[in-house]
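Here is the structure we will look at.
The values are calculated or read from the model by the stated rules, or taken from the named source; none is laboratory data. Remember, it's a predicted structure, so these values are computed and weren't measured experimentally. Cβ sites come from the backbone with ideal geometry, for glycine too, and all protein chains shown count toward neighbours.
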Amino acid sequence: MQTKTTVLFPLLLTVLVQLTAVAVAQSDTATAHKAAATALLNSNNTGAAHLACPATIGPIATANSPAGPGRAGGPPAGPGAAKGGGRGPGVAPPKENWYAEGGQVFDNLYLLTTKVNSAWSVKTSEGIILIDTLFGYAAQEAIIDGMKKSGLDPADIKYIIVSHAHGDHDGSVKYLQDTYHPRVIMGAKDWELSAREANPPQRDIDASDGQKLTLGDTTVTIYITPGHTAGTLSVLVPVKDHGQPHVAMEWGGTALGGATSKEMLESYISNAKRFRDISDGLGADVIIGNHTEYNDALNRFERTKARKAGEPNPWIVGKREVQNYLTVVEECAKSWLAISNGRP
Ligand SMILES: [Zn+2]
């Protein structure tokens, strides 16, 4: 005959498994994940959450901004910014609607910006690596003139890394290719995406995951982190502040919306976690982004200009904040995924 223990043990185990399942289900809801993101918010990541988290959670979830995943945070479409997201010569919107001043933020890193989007110029001993290119209409005044104002020569652009093939990031690639002939690196899937646009960039280098791009004394590391688009690239950039080394992290595609597929959400989640671990391993302690809103870049730049000798660099936020930033966007994606799995 069976002892009491052999009868009771399987029963207890079943109850325990069921209780655990209930607990997991309760924490794996859209509300719980959004709350987990919200708990970490501050000026280093609020804008990222604004574009990545659902604004409302219910039977009909809404994205947190007018921008869907397709045209994240682009400026109001001007006449030239129609389908191609502003790629190509087109007619630019009035300058006062988009122009913002950028400049140097580290010994070797320069912000090239509009009100909405940021690109970055990495100065090396052998030329310049440009990360993203803004809308096409901003090529002259934000990229080219922006570089010249900081004493950089756009003819020195040797590489362009494109975070993803949306017009607010790849809009000036074709113009810069035609003018300065740099090599251009983009995710293979995003080259395919860009080829469908009007006046597309000329396909060049397919990024590989973990690719180390070395130019002179500087090595930028590139990771393929699909989610916002299928070929989104995220990068880690070594920077120096008065000679002191730091590592800047850019999560290359941030915004999510109700139209983002489950497959892409799952990829976004696993890649945010993976890139968080990689960033941690490399000691990333600076957040850069490709939308000014993500980490309050325009205010941060104003603080950079006002910085006095001995004051900290406003872009150095510390390793914990870099980790939190990637946790916030991961939790936002988990919130969207829970909604699509019917767990508000
Ligand atoms: Zn985008």
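Restricting attention to segment 93-116, does a residue exist that is closer than 30 Å to residue 265 by Cα, aliphatic (A, V, I, L, M), within 16 Å of the ligand (Cβ to nearest atom) and at pLDDT 95 or above? Yes, there is a match, as at least one residue in segment 93-116 is closer than 30 Å to residue 265 by Cα, aliphatic (A, V, I, L, M), within 16 Å of the ligand (Cβ to nearest atom) and at pLDDT 95 or above.
Considering segment 147-172, and only residues there that are hydrophobic (A, V, I, L, M, F, W, C) and within 22 Å of residue 226 (Cα to Cα), the residue that is farthest from the ligand (Cβ to nearest atom) turns out to be 160.
Residues of segment 255-281 that are surrounded by 15 or more Cβ atoms within 10 Å (Cβ to Cβ) and either touching a Pro at 6+ places or on another chain (Cβ under 8 Å) or not in a helix (DSSP H, G or I) (or both): 255, 256, 257, 260, 264, 267, 268, 271. Checking each residue in segment 33-51 for being buried (at least 17 other Cβ atoms within 10 Å of the Cβ), assigned to a loop (DSSP other than H, G, I, E, B) and among the aliphatic types (A, V, I, L, M) picks out only 40.
Of the residues screened, residue 162 is one that is touching a residue at least 24 places away in the same chain (Cβ under 8 Å), in contact with an Asp or Glu (Cβ under 7 Å, 6 or more places away or on another chain) and either over 26 Å from residue 309 (Cβ atoms) or not small (Gly, Ala, Ser) (or both). Residues that are free of Cβ contacts under 8 Å to residues at least 60 places away in the same chain and over 15 Å from the mean Cα position of the chain (by Cα) within segment 315-344 comprise 318, 319, 320, 342, listed in sequence order.
Within segment 150-167, restricting attention to residues that are out of contact with any strand residue (DSSP E or B) (no Cβ under 7 Å at 6 or more places or on another chain) and surrounded by fewer than 24 Cβ atoms within 10 Å (Cβ to Cβ), which residue is farthest from residue 109 (Cα to Cα)? It comes out as 155. Summed over segment 235-254, residues that are surrounded by fewer than 21 Cβ atoms within 10 Å (Cβ to Cβ) and among the polar types (S, T, N, Q) total 1. Contact map, segment 250-277: residues that are of a type in the set (S, T, N, Q) paired with residues that are part of a helix (DSSP H, G or I) and surrounded by 15 or more Cβ atoms within 10 Å (Cβ to Cβ), Cβ distance under 8 Å, separation 6+ or inter-chain. Pairs shown: 254/48; 254/51; 254/52; 254/329; 260/268; 260/336.
Checking each residue in segment 173-213 for being more than 15 Å from the ligand (Cβ to nearest atom), among the small types (Gly, Ala, Ser) and either crowded, with 20+ Cβ neighbours inside 10 Å or in contact (Cβ under 8 Å) with a residue 40 or more places away in the chain (or both) picks out 188, 198, 207. Residue-level check: of (1) within 16 Å of the ligand (Cβ to nearest atom); (2) part of a helix (DSSP H, G or I); (3) crowded, with 21+ Cβ neighbours inside 10 Å, residue 294 misses just (2).
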